[in-house]
1. D for chain B, whole µm²/s, Stokes-Einstein with Kirkwood Rh over alpha-carbon pairs at 37 °C and 0.692 mPa s: what number?
2. Which residue, C:Leu52, C:Leu267, C:Leu256, tops the fluctuation ranking in a GNM of chain C built on C-alpha contacts under 10 Å?
3. Residues of A:316-323, mean number of Cβ from any other protein chain within 10 Å of their own Cβ, rounded to a whole number?
4. Amide H of A:Gly413: which non-local residues (sequence gap of 5 or more, or other chain) have their own amide H closer than 5 Å, using H built in the peptide plane?
5. About its Cα centre, what dipole magnitude does the protein assembly as shown give when the only charges are +1 on Lys and Arg Cβ and -1 on Asp and Glu Cβ, stated in debye to the nearest 20?
6. Going by average Cβ neighbours within 10 Å, how do the peptides C:101-111, B:141-151, B:324-334 rank, with the highest at the top?
7. With θ set to phi - 60° and the Karplus curve 6.51 cos²θ - 1.76 cosθ + 1.60, what are the ³J(HN,Hα) couplings of segment A:40-49 in order, to the nearest whole Hz, using x for Gly and Pro?
8. Out of all Cα-Cα pairs in segment A:374-422, roughly what percent, to the nearest whole number, are more than 12 Å apart?
Amino acid sequence: MTVGSPLAARDLELGMVFQDLRLVPAFTVWENVALHLRETGRILRPRQLQQVVRDASERYGLAVDPGARVSDLSIGEWQRVELLKVLLAGARVLILDEPTSVLTPQEVDGLFAVLRRLREDGAGIVIITHKMRDVREIADRVTVLRAGRVVVGDRLASSMTDDELVQAMVGESVVPVINQQPSPPETTPAIELRDVALAGIGEGSGLRGLDLTVAPGEILGVAGVAGNGQRELADLIAGALAPDRGEIVVGGKSMTGSGPKAFRRAGVVNVVGDPVRDFVVPGLSVGEHAALWGSMTSRRRLRFDVGAAATAITADADRSGLDIVAPTRRLALLSGGNIQRVLLTLAFSEDATVLVVSYPTRGLDVRTTETTRSLLLAARDAGRAVVLISEDLDELLALSDRIAVLAHGRCTGVVERRSTDRRALGHLMTADAA
Amino acid sequence: MSTTAQHTLPERAPGSGRRNAGLARVDWRRVAIVLGAYFGCLILFGAVVALKGASPTGVYNSLIHSALLGDGSLSEVIVRAVPIALAALAVSVPAKAGLVNVGGEGQLIVGAIAASGIGVFISGGLPGPVGWVLMAVGGMAAGALWAGIPAVLRTGLSANEAVTTLLMNFVANDLMLYLIYQPWKDPTGGGQPQSSPLPGGDVLPSILGSTINLAAVVALVVAIGVWGLLKRTGFGFALRVVGGNQKAAHRAGLPVNRLMVSSMLVGGALAGLGGMLNLAGSQIQLVPGGTATYGYIGFLAAFLGRHDPLKVVLAALVFSAIAIGNSGLELNYGLDGSVVDVLLALLVVAPLWLSRNRKEAF
Amino acid sequence: MNGLQQALAGGVESGTVILFPALGELIGERAGIVNLGSEGCMLAGALAAYALTAETGSPVLGVFVGAAAGALIGMAHAYLVVRRRADQLASGLVMWFLAVGLTAVLGAAFVSRTATPLEVVKIPLLGSIPGLGPILFDHDPLVYLGYALVPLVWWILFRTRAGLVLRATGERPEVVAVAGRRPELIQIAAVSIGAALAGVGGAQLSVGYVDNWFDDMTNGYGFVAVAVVLFAAWRPLWVLFGSYLFGVALASASVLQAHGVAVNQYLLDALPYLVTIVVLVAVARRGSNQAPEGVTRALTNTS
């Protein structure tokens, strides 16, 4: 059977919850729900629709405020709205694409509780995930896909070991890279944030007074659900934004009033979390991006040496083991993974004192992910201070020396990697920062 | 717009990306589509004039005659192309930085106003070249000011520059009308709304014994200069970065707002120079409609030339050739001269219609 | 009537010329499409309405044909930007240019013709309210249609399913597609309806306010309408205020002149555009946050 269109899917009572969450941010919750309901008439009755949403959210245990603007909600709430929408449209078969990747462990528990209730009501649920933990917790049966082919077809989840599943997923055994060094001794911090505050960008919460220090030769992991101040933190450390209040000190020098160029000269190198938004310039080649990158440390204004930069980036890529495409290719036309490798090559080629890295392995294949992680550890061993922002708690636990947790724009705790685990981090991520 | 999934499959080994094998091969299907689109526009225009009872073949004959075959028509094309080309470059330079300058018309007008003021009231007694330079500098400064205001409003107060530059055109036109109806009115003009003519020494001389004047040479040099500025300097590269991705430009330490404003200043200065050259080269005095929508035609030419300075100049020449056909059509077929605007617009509809094919070609 | 009343009454009359295209532009932009060609739609509407009125003697018929003429230009624009993915600003300007040429050619025959204008209808009772009556309730019917249209457009956009889908299209067309609707058709319909309203605005100009036809008579009002929508932050009621503000600036020029104030006419003519720029600048920052995502994309995207 083939399903020709989203409409046809709905007639079959199929509901899909996408990873990128198909909601209109400028709309309220009830407007988003109404958009997908066919039963409401031509004229909208806001009060009645809000009641429908309220009733449903009680019935399924999905707490949301029907009158709230979606852009003001947290990512977990977005997902609940998306689920409500699909359920109210009458779906009996739900397909969820990576539903847990953006949630805290506690939110995942909540989601799974809802899914179990739905299963008991007789709904069929398909979860697409790359996390072993999800499979173990919720799945009755498993199918593994790799490179577009079915490698394991419809087995009982309980009949497979973790190792078998991993083997099936990656197709080769991967030795995970783990930070095994002891934490560095106390020294003067490479970078220091003193009571830094900043209003939120877009859907982010902003920062409400943050104190952080990172020592040379240390990896500070930053955990938290997306939108709790990570983007603002990275932008502040990179000098892309100036704090409303507080002070940033790099290598003992206050950076108040400095722009990205001054931060870079002070040794701060930034791997942005969303390269397409913040790094890729349409129309420019890889080599031209390298020249632009290099111009930051040059003394002469508006001088760009594309030829030399292209040669240099090719050599750097060879050295770091990150394969990149030919420098003449246009960056904007490349895949996310290829773009990320170019960005990482540039970042690791620099003699940085502080490396700010957001979601470095997003969109990378298994092998490049491990290369990137070893490069991060190598940078640490070479005495650089690394700030690693990630939503992947496993990655943070594998690489960091210390982990700082952000919630609602505040730091709810800084913990030693050795003395913490996922649960503890999850509690800090959902801690009430008020 | 679909977001790329966060966890993509392992990618093919980099470097193995295949080069487009058919770079040298001509895609005949595409050529046919492009030619067909432009041909379709010509047919549409034929239909429009036929609607008014004129013979399409006769109209096209008349257009070709006035543009290419008539006495001195080639030099006339070049003379008229000067303000169009400069107004078009005034669009292209800010476009590199991601700004939409629809204010070429107003910038031409204030350039002409400044040049006229300098020519009539200041530089009369000075030797020619000094007067020319003074007028050119004045025109460029006025144009830069006229474009700079919307630029600052955009970078400082995020007022959309496409809309403000457009509105500034009407202000410029009213300003000129005010001047030529009252304070600057030509006392010897028999009551006509026009400014006093430039003193003879300020008028740009003809070259090579033709009707082409010095303005064409200046425009050509400036166009080459703009080409060099955009393609060969760090400034041009930085503009492309800002136009491509402002956030990336900021993170790379480029002074984004300064670059955006300077691109508009350069653009405005180019159009202001165009207004000055048009005045000192052919108009001699300010008259209502003296810029004859060259500013808007320039916008279309810039779009047709896809903001590549040399292609833009070529497009300006083509548009100039079409624009001068109006008098012939008015005389021989009783068509309103503005009918050529229809043809100009249709010639830009073709690439707009082709936008989709172009994106697929990448 | 004293000068102030005259200026305000004139402002309502001429503000209606802006109100229709501005409401039309609002509908199109709520669906994510900017139409700089509304200037061209107005021109086409003005000529078509005037020509039909001159030929048939019925200005009402003229208004309908004016709307149709505007819609035609709008459809061409919508087709190019929606189906052919053309640059919105460039396409809009080309539509304007096309309309300038076409109306000059086709309208040459009507330049010196006379036509019966829309009749002024004084509303009983309301029209006799001292002070307010002459300002608000002594106009041609299109002015009253304008009063009714503002709440109607608001109601359709914010209280009907069609409006909800239209607004969603302007924000996230892919969400609308997932909901099983066709965003491209919605955009084309929205732009066409908006352009029809621009055509009505042109008709109000030629057979209502000025009662004449001449080349390029819209004089940038269509562009002003686009600016009004920007500073109204896409809200119908604010579009009403913005349009009347421009109308008052426009009308005060002639009122001042009539009262013998010795200011040059052309300086006064520039006033409405300056007012528009100033207001646009004053509220631009707040407004840009309210913009439908599709409009933000169109206005910041470059070719």
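None of the figures in this text is laboratory data; all of them are computed from the coordinates on show. In this text, all values refer to a predicted model and were calculated from it rather than measured experimentally. Every residue, glycine as well, gets a Cβ built from its backbone with ideal geometry; the counts of neighbours run over all protein chains shown.
1. The estimated diffusion coefficient comes to 149 µm²/s.
2. C:Leu267
3. Details: counts 0, 2, 0, 0, 0, 0, 1, 5.
Other-chain Cβ atoms within 10 Å of each residue's Cβ, averaged: 1.
4. The answer is A:Val405.
5. Working: 88 positive and 86 negative charges, 263 e Å.
Dipole of the protein assembly as shown, to the nearest 20 debye: 1260 debye.
6. Working: C:101-111: 21.0, B:141-151: 25.9, B:324-334: 17.5.
My ranking of the peptides, most packed first, is B:141-151, C:101-111, B:324-334.
7. Ordered by residue, 3J(HN,Hα) equals 5, x, 5, 9, 8, 10, x, 5, 5, 5 Hz.
8. Details: 763 of 1176 pairs.
It works out to 65 percent of all Cα pairs.
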